[in-house]
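Have a look at the structure below, then the notes.
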Amino acid sequence: MRRPVRADLVVWLALLLTAVLIVTSLQPVELSIQALGLHGAVRPDLTPALPAAMTAMLVLGLASRLVELPWPVFQLVSFLGAASWGACLAAIRQPVYDGGEVGTFLGNALSRWLAYLAEQAAWAPSILVGVGAGAAVILLNAAVQSLSGGVQARRLAPALILSPGAAVLADGVQVGTLVAMCGVLAVSAMSSERGRGLLWSTGFALLSGILLFGGALTGFACTAAGVGMLSIYFLRRRSLMIVVAAAGLLASLLAAAALGWSWPEHFGEASALTLADPAGLAASVVVAAVLVAATGGPTHRESWRKLRGTPAWPVMLSGLVAAFIAVLTRPATLGVVPAAAVWLPLLTVAASAPPRAAGTPEGPALLGVSVSAGCGLAMASLGILWSELG
């Protein structure tokens, strides 16, 4: 085992121990069940844990072969693996959707739709969440391939497919926000590539602005995608693309306003922070930061350690800002851990980068990916314990 990998494991164990100690010490403020947001309206079921474990073993077994696959086949394998993993973890938790846990226009509409589908077939929402997770992964693959090259994208795939963030995608409809965020980043990266025709570049830049608006309607945290989009265009010196993307965003706003939609009202509702229990909220934010870092596993630590070696840092910046916005705008009664943990896939994109810029890409370490996948499975199953305690 390489020395950096051992260091990643030690740091992860320290974070895990710290999270346990903090949660234990803050029991008097009734933190564990409500503020962590692992309760929901959960009907826990461990039956899908076996196919989830089988999916993880299959992905880890194919990790060395992913580098050799043609790009379309690689994307298909990534989608199927991530969709299966996400659907299984969602099926373990099985939350009940009520159309009011997001607080944004499209987010609540999607939640009501999922509630209707759940009445028709209990497994339908989990399947759709898995499809969303798969879509997010192939979009992230495209963004990393454009920013860092195909080698890093292929080596990163197991970490993205088995991301612990899938464990909380079933909370509300955050998977829609994640897909929109990844879409904005992927389209921005592809539109800014040198050598593409003007029509292709401007069309994709316009699409990135429209996706940014649509994602913000799904979840307020998607506004952070604008940070990554601007960073990519500035990094590649494509100032014209910034103007075109802004035009797409403005056109979307004007079209929605013409249809009677009031963005100040809906964004105001989305950003209304519940402060009924300031002590519990403050404690939950502290615990969320530590617990999400621990849930990310060694791969999360490896990604931050290699941050200086990847050109895909705008993706990580977007994920960090999105987690910050999501925590600050999420009602305290829903908890803050799911709001932050859903962005873990974006925070691991540097795990396949070289330790230093212009070096040889390596990793992510399969041992670290295995532990991180185990963290995701444990996080999904943890709702069973919370529901019993409640």
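Just so it is clear, none of the values below were taken in a lab; they were calculated from the coordinates. This structure is a prediction, so every number in the text was calculated from the model and none was measured. All Cβ positions, even for glycine, are placed from backbone atoms using ideal geometry, and neighbour counts span all protein chains on display.
Order these peptides, 69-75, 108-114, by their mean beta-carbon neighbour count within 10 angstrom, highest first.
The most tightly packed comes first, giving 108-114, 69-75.
Let me know the Kirkwood hydrodynamic radius for region 114-227, please, with Cα pairs as the basis and the value in Å to one decimal.
15.0
Using a simple spin-label model with points 7 Å from Cα along the Cα→Cβ vector, what separation in nm is obtained for Phe324 and Leu58?
Between Phe324 and Leu58, the label points sit 4.0 nm apart.
Gain in length, Leu240 to Val67, computed as 0.36 nm per residue apart minus the alpha-carbon separation, to one decimal in nm?
In short, 58.8 nm is gained.
Sort 293-299, 122-128, 212-218, 347-353 for me by packing, meaning the mean count of neighbouring Cβ atoms within 10 Å per residue, highest on top.
By packing density, highest mean first, the sequence is 347-353, 293-299, 212-218, 122-128.
Which whole number of Å³ per residue matches the convex hull of the alpha-carbon atoms in region 41-85?
68
Could you state the orientation-averaged shadow area of the convex hull built on the Cα atoms of region 49-166, in nm² to one decimal?
7.9
Suppose the Debye formula is applied to equal point scatterers at every Cα of region 153-192; what is log10 I(q)/I(0) at q = 0.35 Å⁻¹?
-1.02
Quick check on packing: order 311-324, 150-163, 220-233 by the mean number of other C-beta atoms within 10 Å, highest mean leading.
150-163, 220-233, 311-324
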